[in-house]
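Report on the structure given below.
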């Protein structure tokens, strides 16, 4: 009887030992799994110029994902690798403001704030601001109206500097407009009431003294921030 009792205790301790080591193994696997997941998340957070952007779920990829609507191409990333700018797929030729709307404050703000201020001023004065309006109303390729904006002159310069790589990526997207070598409007105003800043995408030169706001042959290219 004692022999049988001792045997039962051994079996109990054996089971406890087995369960203990099984639990340790599971915890070890869980720890490594979380570590790998954390490292993967860090890699995903690091965006690169030339990545494709999908507005529907705010995701990015280095290669086009089949059967998924691509919205634009990353053209600027800050030092953290987590924030930057995306150029969207379409552009038009429009005046900055056919009414020569004056909003000098926008020479000190970013494009998103510029666009809001331009539209607010245009509404208050009852004047047109075609370039900013087009960007604010842009609703294509899963981008919602109100998300896009007219880039500031600094944000536009980033786009010019990465024009070649961005065009290589845009060429892979059906229906996307390539960046032209012509002039592009920025959302930055000038001290002269009837002039806004633009940039040549041929020479890279910023023009600040001859861009009459009512000129309708300059390009307008919406962008979004992430």
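In the stretch 87-108, what residues are in contact with a helix residue (DSSP H, G or I) (Cβ under 7 Å, 6 or more places away or on another chain) and either over 23 Å from residue 170 (Cα atoms) or in a helix (DSSP H, G or I) (or both)?
The answer is 95, 96, 97, 98, 101, 103, 105, 106.
Could you tell me whether any residue of the stretch 182-192 is over 17 Å from residue 91 (Cβ atoms) and free of Cβ contacts under 8 Å to residues at least 60 places away in the same chain?
Looking for residues that are over 17 Å from residue 91 (Cβ atoms) and free of Cβ contacts under 8 Å to residues at least 60 places away in the same chain, one finds at least one in the stretch 182-192, hence yes.
If we scan the stretch 55-77, do we find a residue that is assigned by TED's automatic domain parsing to the domain that holds residue 148, at pLDDT below 90, surrounded by fewer than 18 Cβ atoms within 10 Å (Cβ to Cβ) and not in a strand (DSSP E or B)?
No, because not a single residue in the stretch 55-77 is assigned by TED's automatic domain parsing to the domain that holds residue 148, at pLDDT below 90, surrounded by fewer than 18 Cβ atoms within 10 Å (Cβ to Cβ) and not in a strand (DSSP E or B).
Can residue 178 be described as more than 22 Å from residue 109 (Cα to Cα) and touching a helix residue (DSSP H, G or I) at 6+ places or on another chain (Cβ under 6 Å)?
yes
Would you tally the residues in the stretch 61-81 being more than 20 Å from residue 221 (Cα to Cα) and free of Cβ contacts under 8 Å to residues at least 60 places away in the same chain?
Here the count works out to 11.
Keeping to the stretch 134-156, report how many residues are under 22 Å from residue 196 (Cβ atoms) and out of contact with any helix residue (DSSP H, G or I) (no Cβ under 7 Å at 6 or more places or on another chain).
So the count comes out to 6.
Looking at the structure I just gave you, is residue 197 under 18 Å from residue 109 (Cα atoms) and in contact with a helix residue (DSSP H, G or I) (Cβ under 8 Å, 6 or more places away or on another chain)?
Answer is yes for this residue.
If you take just the strands (runs of 3 or more DSSP E) that sit entirely in the stretch 112-226, which of them hold at least 3 residues that are modelled with pLDDT of 95 or more, in contact with a strand residue (DSSP E or B) (Cβ under 7 Å, 6 or more places away or on another chain) and within 20 Å of residue 83 (Cβ to Cβ)?
Values: elements: 183-189, 196-200, 223-225.
Per the criteria, 223-225.
The values are calculated or read from the model by the stated rules, or taken from the named source; none is laboratory data. Note that this is a predicted model, so its numbers are computed, not measured. Neighbour counts are summed over all protein chains in view; Cβ atoms, including those assigned to glycine, are modelled from backbone coordinates with ideal geometry.
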